[in-house]
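**Student:** Just passing along the structure, written as structure tokens.
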Amino acid sequence: MIVTRVVKLLPTPEQASALAATLRACNEACGLISKAAHADSVFDRNGVHHLMYRRVREEYGLGAQAVVHCVKKTVDAYKVLHAQAGAGLLGKEGSARRVKTLGKPITFGPSSAQPFDDRMLTWRHDARTVSIWTVSGRLKDVAFTGEPGQLKQITEHRKGESDLVHRDGMWFLHAAVELPEAALNTEPSGLSGWIWGS
């Protein structure tokens, strides 16, 4: 079972400035990718990657993995939007709401969460620090803290990406954790309930 566990980052003012610049640059890149994808009606990951990879690297100076994650984040946002439209959640075909929503590119706020993978983010659980890629270079020894149970799960079961989140002036990492499934109870006892037809 995949769940999300959260740690709070405790960056120095200089580290916080680099994190903020990174979120801004990544979200501006996502906005550019979104406009191009929408204009060309290209929404698959490979198509968007070929359409925008070089341009984003040149214009924003992002590392290769950061661009890959910006493309994925944008494509995933369009998948959700198109799924909502397909399920009728944006109104009927031709409705004003649906036409307006689908007629413009998705936008990303300057501090929208940004995914990082293990090539961009390294955890040092013993020291309670992370090393994280930013547009200002790699930040080392960014301190973090959290609830002991969640920290233990992150140490033992973290898997995949972690999202950098800035909320209410604070910095967080939302880490994907794969917890083992609980064993099924094959010998239940003490059950009670209604029996239909009795």
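**Student:** Given a cut-off of under 8 Å on Cα pairs at least six residues apart, what relative contact order in percent is computed for the stretch 114-178?
**Tutor:** Rounded, it is 28 percent for the stretch 114-178.
**Student:** At R0 = 41 Å, how high is the FRET efficiency between E187 and E147 if r is their beta carbon distance? Nearest 0.05 is fine.
**Tutor:** 0.75
**Student:** Select from T4, H157, A127 the residue farthest towards the positive end of the dipole of the chain; place +1 on Cβ of Lys and Arg, -1 on Cβ of Asp and Glu, and compute about the Cα centre.
**Tutor:** T4
**Student:** Let me ask another. For the stretch 93-141, run through the trypsin sites (Lys or Arg not before Pro) and keep only the ones in DSSP coil with at most 13 other Cβ atoms within 10 Å of their Cβ.
**Tutor:** Answer in residue order: R119, R138.
**Student:** Kindly point out which whole DSSP H helices in the chain project their C-alpha atoms 24 angstrom or further along the helix axis while averaging a Kyte-Doolittle hydropathy of -1.0 or above.
**Tutor:** For the chain, where a helix must reach 24 Å along its axis and average at least -1.0, the hits are 13-40, 64-86.
**Student:** Determine the dipole magnitude for the chain: charges of +1 sit on the beta-carbon of Lys and Arg, -1 on that of Asp and Glu, nothing else is charged, the reference point is the Cα centre, and the result goes in debye to the nearest 20.
**Tutor:** Rounded to the nearest 20 debye, it is 640 debye.
**Student:** Same structure again: Which far-off residues, 5 or more places away or on another chain, put their amide H under 5 Å from the one on W171, with H placed in the peptide plane?
**Tutor:** Long-range HN contacts for W171: L9.
**Student:** When the helices in the chain are scored as -39500 (n - 2.57) per DSSP H run of 4 or longer and the sum is shared across all residues, what 222 nm value do you end up with, to the nearest 500 deg cm²/dmol?
**Tutor:** -14000 deg cm²/dmol
**Student:** Can I ask one more? Charges on Cβ only, +1 for Lys and Arg, -1 for Asp and Glu, centred on the Cα centroid of the stretch 14-102; of L32, G61, A87, which one is farthest towards the dipole's positive end?
**Tutor:** A87
**Student:** Output the relative contact order of the chain, whole-number percent, from Cα pairs under 8 angstrom with separation of 6+ residues.
**Tutor:** Taking the mean separation of contacting Cα pairs over the length of the chain, I get 33 percent.
**Student:** What FRET efficiency would be calculated for the residue pair R57, A87, taking the C-beta separation as r and a Förster radius of 45 Å, to the nearest 0.05?
**Tutor:** 0.80
**Student:** Quote the charge dipole size of the stretch 114-178 about the Cα centre in Debye, to the nearest 20; the model charges only the Cβ of Lys and Arg (+1) and of Asp and Glu (-1).
**Tutor:** 200 debye
**Student:** Okay, next question. With a/c under 1.5 counting as rounded, go ahead and sort the stretch 114-178 into rounded, prolate or oblate using the C-alpha gyration tensor (a ≥ b ≥ c being the square roots of the eigenvalues; past the cut-off, prolate if a/b is larger than b/c, else oblate).
**Tutor:** rounded
**Student:** Could you work out the longest stretch of the chain that avoids the GluC sites (Glu not before Pro) located in DSSP loops with at most 14 other Cβ atoms within 10 Å?
**Tutor:** In the chain, the maximal stretch lacking such sites is 1-92.
**Student:** Also, I was wondering about something else. Extension gain L10-A96, at 0.36 nm per residue separation less the Cα-Cα distance, in nm?
**Tutor:** Full-extension gain reported as 26.4 nm.
**Student:** Just to confirm my numbers, what's the Cα centroid distance between the stretch 121-158 and the stretch 42-73 in Å?
**Tutor:** 26 Å
**Student:** Could you list F108, F172, F43 in order of exposure, starting from the residue whose Cβ has the fewest other Cβ atoms within 10 Å?
**Tutor:** Listing F108, F172, F43 from fewest to most nearby Cβ atoms yields F43, F172, F108.
**Student:** Here are a few candidate values for log10 I(q)/I(0) by the Debye sum over Cα atoms at q = 0.10, 0.18 Å⁻¹: (i) -0.34, -1.24; (ii) -0.43, -1.25; (iii) -0.55, -1.20. Which one was actually calculated from the structure I just gave you?
**Tutor:** Step by step, log10 I(q)/I(0) by the Debye sum over Cα atoms at q = 0.10, 0.18 Å⁻¹ for this structure corresponds to label (iii).
**Student:** Just want the ordering: M1, M170, from fewest to most Cβ atoms lying within 10 Å of their own Cβ.
**Tutor:** M1, M170
**Student:** Treat each spin label as a single point 7 Å out from the Cα along the C-beta direction, and report the R167 to I2 distance in nm.
**Tutor:** So the label points at R167 and I2 sit 1.9 nm apart.
**Student:** Strictly over 31 Å apart at the Cα level, which of K104/K159; K8/K104; K8/K72 would you flag in this model?
**Tutor:** Result: K104/K159; K8/K104 exceed 31 Å.
Since every read-out is calculated from the coordinates, none of them should be taken as a lab result. Everything numeric here is computed off the predicted structure, so don't read it as measured data. Every residue, glycine among them, receives a Cβ derived from its backbone with ideal geometry; neighbour counts consider all protein chains shown.
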